[in-house]
Amino acid sequence: MTMEQMDILLNGDEAAAWAAKDVHVDVVAAYPITPQTIVVEKFSEFVANGIVQTEFVSVESEHSALSACVGAAAAGARAFTATAANGLQLMNEILYIASSLRQPIVMAIANRAPSGPINIHNDHTDAMNVRDAGWIMLFAENTQEVYDTIIQAYKIAEDPNVLLPVMVCYDGFLISHTAERIKVFKDPKDVAEFLGGPRKIPKIELMGKEVELSLNPENPLPLTFGPLDLYDYYFEHKRQQSEAMQHAYAVIEKVNEEYAKFSGRKYGNGRVVPYRLDDAEIAIVLMGSTAGTARYVIDELRDEGIKIGELRVRSFRPFPYMDLERYLKNVKVVGVFDRAQDQGMQGGPLFLETRAALYDLASHPKVVNFVFGLGGRDMPPELLRTTMDELIAIKEGKKPVFNRKYIGVRE
């Protein structure tokens, strides 16, 4: 049954904080960095006003912020933080620790170009730099999806078959600072019901007894987190992380379906969101806020008789290779749009993943890469139209295939 909701005007950062409030997280570790600062500022207001009973920890760096979340989660708490760009890079060491300790932390990432040169605006390079740190990575298109995805993220992360941290990524400034009217749940208790109540700590067998997998002073058994793990067991533990990421495919879809019944909102199958692909001969693949602009241009081209569609990747990790095979197997040309820097490669990260996903198809579509919007540069409909015209020309044999092309850059 769809729960009662109300309309409210929030920007993306406020929506992230509002979702964490409705989840009623136990611990928030806060360190401000543009463009996510509003997230922790807004949540501090909830704490100051007595709306939540969350332990709000102000720390001295992003490294400390995630370290505090790891400690809190290991003790059984629901932990939340937020960061962006250089702050995410400073967390790098602790990202691997959080995932290897199987802590279901949720972190909001207002994607921003890392320095240098110094830039505070959007692209996806910060997230792409840490794409193999063992975190689930979900990309939201708009403010509503930021709110919805953070709630979903806790249910995904805490699933006993997953137990991995989740990044909820959204475009800095384009979403983080843009206010939209969204729907939030009128009674936060409904969110608690969706999540199944307080965090349930999985149990393991230790020394002949069943104990919670958490640091608990009432449990004197020698349960440790982060011990020395050399070649005798390290490999096995890394394989377990990989297996958990494989389990996440089904869990993401299941949570998306459950949330659709709960909220009335659904995002494709949770991993990808297709648009007008049933008879498409041309498809574009992309992530983030540009997807909405692209659909506007696609509708214009459809009115002109061009069979073109869109596949928005929502789950970059685990990467939905099965879904790309399913939705793109009959198209002739695929244009992949990367909002990330690509150093010394044939194309951007999304392009390389997409082309690899389509490699085993009996008939390969032609796959080309557009790199756009670095450092916050705009991608208006007119510029998107030029890229789609190129895809049409490739399909008609009037233009050769290329690996990568920079769009909207001065040559």
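(1) crowded, with 16+ Cβ neighbours inside 10 Å; (2) outside the structural domain of residue 157 (by TED's automatic domain parsing): which one isn't true of residue 279, the others all being true?
Just one mismatch for residue 279, condition (1).
Residue under question is residue 162, and the condition is that it be under 30 Å from residue 239 (Cβ atoms) and either at pLDDT 90 or above or among the β-branched types (Val, Ile, Thr) (or both); does it hold? Break it down into steps so the answer makes sense when it comes.
On the way: under 30 Å from residue 239 (Cβ atoms): yes; either at pLDDT 90 or above or among the β-branched types (Val, Ile, Thr) (or both): yes.
In short, yes.
Answer with yes or no whether residue 383 is farther than 25 Å from residue 111 by Cα, assigned by TED's automatic domain parsing to the domain that holds residue 289 and either surrounded by fewer than 19 Cβ atoms within 10 Å (Cβ to Cβ) or within 28 Å of the chain's Cα centre (by Cα) (or both).
Details: farther than 25 Å from residue 111 by Cα: no; assigned by TED's automatic domain parsing to the domain that holds residue 289: yes; either surrounded by fewer than 19 Cβ atoms within 10 Å (Cβ to Cβ) or within 28 Å of the chain's Cα centre (by Cα) (or both): yes.
It is false that residue 383 is farther than 25 Å from residue 111 by Cα, assigned by TED's automatic domain parsing to the domain that holds residue 289 and either surrounded by fewer than 19 Cβ atoms within 10 Å (Cβ to Cβ) or within 28 Å of the chain's Cα centre (by Cα) (or both).
On the given criteria, is residue 160 surrounded by 12 or more Cβ atoms within 10 Å (Cβ to Cβ), in contact with a Ser or Thr (Cβ under 9 Å, 6 or more places away or on another chain) and either in contact (Cβ under 8 Å) with a residue 24 or more places away in the chain or assigned by TED's automatic domain parsing to the domain that holds residue 79 (or both)? Please lay out each step first, then the result.
Working: surrounded by 12 or more Cβ atoms within 10 Å (Cβ to Cβ): yes; in contact with a Ser or Thr (Cβ under 9 Å, 6 or more places away or on another chain): no; either in contact (Cβ under 8 Å) with a residue 24 or more places away in the chain or assigned by TED's automatic domain parsing to the domain that holds residue 79 (or both): yes.
It is false that residue 160 is surrounded by 12 or more Cβ atoms within 10 Å (Cβ to Cβ), in contact with a Ser or Thr (Cβ under 9 Å, 6 or more places away or on another chain) and either in contact (Cβ under 8 Å) with a residue 24 or more places away in the chain or assigned by TED's automatic domain parsing to the domain that holds residue 79 (or both).
Determine which member of the set 274, 365, 318 is more than 30 Å from residue 173 (Cβ to Cβ) and crowded, with 17+ Cβ neighbours inside 10 Å.
On the way: 274 fails: more than 30 Å from residue 173 (Cβ to Cβ); 318 fails: more than 30 Å from residue 173 (Cβ to Cβ).
Unique residue meeting the criteria: 365.
Tally time: how many residues in the range 216-237 are within 12 Å of residue 101 (Cα to Cα) and in contact (Cβ under 8 Å) with a residue 40 or more places away in the chain?
Adding up the residues that qualify gives 3.
Among what's in the range 75-100 and is assigned to a helix (DSSP H, G or I), in contact (Cβ under 8 Å) with a residue 40 or more places away in the chain and aliphatic (A, V, I, L, M), pick the residue that is surrounded by the most Cβ atoms within 10 Å (Cβ to Cβ).
Filtering the range 75-100 down to residues assigned to a helix (DSSP H, G or I) leaves 85-90, 92-100.
Narrowing further to those that are in contact (Cβ under 8 Å) with a residue 40 or more places away in the chain: 85-89, 92, 95, 97-100.
Then keep just the ones that are aliphatic (A, V, I, L, M); that gives 85, 88, 95, 97-98.
Details: 85: 29, 88: 27, 95: 22, 97: 17, 98: 25.
Across the range 75-100, the extreme among qualifying residues is 85.
Being touching a Phe, Trp or Tyr at 6+ places or on another chain (Cβ under 7 Å) and either small (Gly, Ala, Ser) or modelled with pLDDT under 95 (or both) is the filter here, so list the residues in the range 96-110 that pass it.
Matches in the range 96-110: 99, 110.
Among the candidates 305, 375, 335, single out the residue that is in contact with a Ser or Thr (Cβ under 7 Å, 6 or more places away or on another chain) and either surrounded by fewer than 18 Cβ atoms within 10 Å (Cβ to Cβ) or of a type in the set (Gly, Ala, Ser) (or both). Break it down into steps so the answer makes sense when it comes.
Details: 305 fails: in contact with a Ser or Thr (Cβ under 7 Å, 6 or more places away or on another chain); 375 fails: in contact with a Ser or Thr (Cβ under 7 Å, 6 or more places away or on another chain).
It is 335.
Please work out if residue 324 is in contact (Cβ under 8 Å) with a residue 24 or more places away in the chain and within 21 Å of the chain's Cα centre (by Cα). If you could, list the steps in order and put the result at the bottom.
Working: in contact (Cβ under 8 Å) with a residue 24 or more places away in the chain: yes; within 21 Å of the chain's Cα centre (by Cα): yes.
For residue 324, the condition - in contact (Cβ under 8 Å) with a residue 24 or more places away in the chain and within 21 Å of the chain's Cα centre (by Cα) - is met.
Please state which one of 360, 338, 342 is closer than 21 Å to residue 136 by Cβ and not hydroxyl-bearing (Ser, Thr, Tyr). I'd like the intermediate steps shown before the answer.
Details: 360 fails: closer than 21 Å to residue 136 by Cβ; 342 fails: closer than 21 Å to residue 136 by Cβ.
Sole residue among the options that is closer than 21 Å to residue 136 by Cβ and not hydroxyl-bearing (Ser, Thr, Tyr): 338.
Wholly within the range 119-211, which helices (runs of 4 or more DSSP H) include no fewer than the required count, namely at least 3 residues that are within 17 Å of residue 313 (Cβ to Cβ) and β-branched (Val, Ile, Thr)?
Working: elements: 125-128, 143-157, 188-194.
The qualifying helices (runs of 4 or more DSSP H) are 143-157.
Evaluate the following for residue 221: is it in contact with a strand residue (DSSP E or B) (Cβ under 6 Å, 6 or more places away or on another chain), more than 15 Å from residue 105 (Cβ to Cβ) and surrounded by fewer than 16 Cβ atoms within 10 Å (Cβ to Cβ)? Break it down into steps so the answer makes sense when it comes.
Numbers: in contact with a strand residue (DSSP E or B) (Cβ under 6 Å, 6 or more places away or on another chain): yes; more than 15 Å from residue 105 (Cβ to Cβ): yes; surrounded by fewer than 16 Cβ atoms within 10 Å (Cβ to Cβ): yes.
The answer is yes for residue 221.
Among the residues of the range 45-67, are any in contact (Cβ under 8 Å) with a residue 40 or more places away in the chain and under 20 Å from the mean Cα position of the chain (by Cα)? Full working, then the answer.
Within the range 45-67, the subset in contact (Cβ under 8 Å) with a residue 40 or more places away in the chain is 66.
Subsequent filtering for residues that are under 20 Å from the mean Cα position of the chain (by Cα) retains 66.
Yes; the residues of the range 45-67 include at least one that is in contact (Cβ under 8 Å) with a residue 40 or more places away in the chain and under 20 Å from the mean Cα position of the chain (by Cα).
Here is a yes/no grid of residues against (1) surrounded by fewer than 24 Cβ atoms within 10 Å (Cβ to Cβ); (2) in a loop (DSSP other than H, G, I, E, B):
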site	(1), (2)
6	yes, no
13	no, no
68	yes, no
73	no, no
102	yes, yes
108	no, no
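Just to be sure, is residue 393 under 14 Å from residue 283 (Cα atoms), exposed (fewer than 14 other Cβ atoms within 10 Å of the Cβ), in the same structural domain as residue 321 (by TED's automatic domain parsing) and not charged (D, E, K, R)? Let's see the steps before the verdict.
Working: under 14 Å from residue 283 (Cα atoms): yes; exposed (fewer than 14 other Cβ atoms within 10 Å of the Cβ): yes; in the same structural domain as residue 321 (by TED's automatic domain parsing): yes; not charged (D, E, K, R): yes.
Answer is yes for this residue.
The values are calculated or read from the model by the stated rules, or taken from the named source; none is laboratory data. Since we're looking at a predicted model, the values are computed, not measured. Cβ atoms come from the backbone with ideal geometry, glycine included; neighbour counts cover every protein chain shown.
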